[in-house]
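To keep things clear, I will list the structure first and then write my remarks on it.
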Amino acid sequence: MVKIRLSRHGSNKKPFYQIIVTDSRAARNGRFIEKIGFFDPICKNKLHSCKINLDKLKYWTKIGGKTSKRVKKIIKNYIKIND
C-alpha cells in the first residue's frame, strides 16, 4: 500500500519534515518513492513553513495513496493559507 507521510530530518530540537510517498512497510526515514513537499514547524512565517506540490499529491491519491492524519492536517492548512 502506498502512504503519504512525513519523514523527519533536522537536528535535535529543530525538526524539519519532508512529505514523501512511500510503501507502508518502509521505515520512517527509509526508502521512498517520491518527495512531494516539506513542512517546517519551527518557521514563524506561516506562508513559508510548508510547500506541497498539489499536482503530485492529487496523482498519488488518485492512484490509491493514503495520507497520514498529520499530513491531512498540513494539507488542509496549506490550502487554506494559499487561497
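The values are calculated or read from the model by the stated rules, or taken from the named source; none is laboratory data. These numbers come from a predicted model, not from an experiment. When we count neighbours, we look across all protein chains shown, and the Cβ atoms used for this are built from the backbone with ideal geometry, even at glycine.
A single member of Lys72, Lys44, Lys35, Lys51 is outside any loop (DSSP other than H, G, I, E, B), on the phi < 0 side of the Ramachandran plot, surrounded by fewer than 13 Cβ atoms within 10 Å (Cβ to Cβ) and out of contact with any Lys or Arg (no Cβ under 7 Å at 6 or more places or on another chain), and it is Lys72. Within the group Ile4, Ile81, Ile20, which residue is surrounded by 10 or more Cβ atoms within 10 Å (Cβ to Cβ), free of Cβ contacts under 8 Å to residues at least 24 places away in the same chain and not hydroxyl-bearing (Ser, Thr, Tyr)? After ruling out the rest, the residue left standing is Ile20. Among the numbered conditions (1) assigned to a helix (DSSP H, G or I); (2) without any contact (Cβ under 8 Å) to a residue 24 or more places away in the chain, the only one that Leu57 does not meet is (2). The sole residue among Lys56, Lys62 that is surrounded by 14 or more Cβ atoms within 10 Å (Cβ to Cβ), modelled with pLDDT of 95 or more and more than 11 Å from the chain's Cα centre (by Cα) is Lys56.
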